[in-house]
Amino acid sequence: MTASLANTAKIPRLRITKTSTTARNLAAIAYTKLHDNPTTAEFNTFYENMSRDDAIINETRHRFAQAHAAKHSTASAEDIVIAFSSASDDELKDFREAAMTMQIKPKKPRGSNKGKERAQ
């Protein structure tokens, strides 16, 4: 491989699912609003090393998303993130309290060898 080809190798950009309201997808949407054109690796590093405060915000966003999606079934994941960021503290209070009481488990790193440990 020549040097010019090595320099033009594509870096995987962070992809977001428009309809998924998983905590990870919602975090990815919020992350892209703060970082210009992030890579998947950059987001994975952030997500896997999230501070407790960030994890609480992430869980609060996810709980808010579940309630919001139940009321607004046609809302996209991005619509939900926008609604979350514009919600008042009073609107988020119950979601935040529920998120703070949950046990936040350390995240398992995502890897390409999923299931290989079980197969051995």
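Since every read-out is calculated from the coordinates, none of them should be taken as a lab result. On a predicted model such as this, the values are computed, not experimentally measured, just so you know. Methodologically, a virtual Cβ is constructed for each residue, glycine included, from the backbone with ideal geometry; neighbour enumeration extends over all protein chains shown.
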| query | Can you list residues whose amide H is under 5 Å from THR39's amide H, if they're 5+ apart or on another chain and H is modeled 1.01 Å from N? | reply | LEU14
| said: So, R0 is 41 Å and r is the distance between the beta-carbons of ILE82 and LYS10; what FRET efficiency does that work out to, to 0.05? | reply: 0.90
| task | Starting from the Cα of ALA70, step 7 Å along the direction of its Cβ; do the same at ASP53; then give the gap between the two resulting points in nm. | result | 3.0 nm
| remark: In nanometres, the difference between 0.36 nm per residue of separation and the alpha-carbon distance of THR45 and SER20 is 6.9 nm
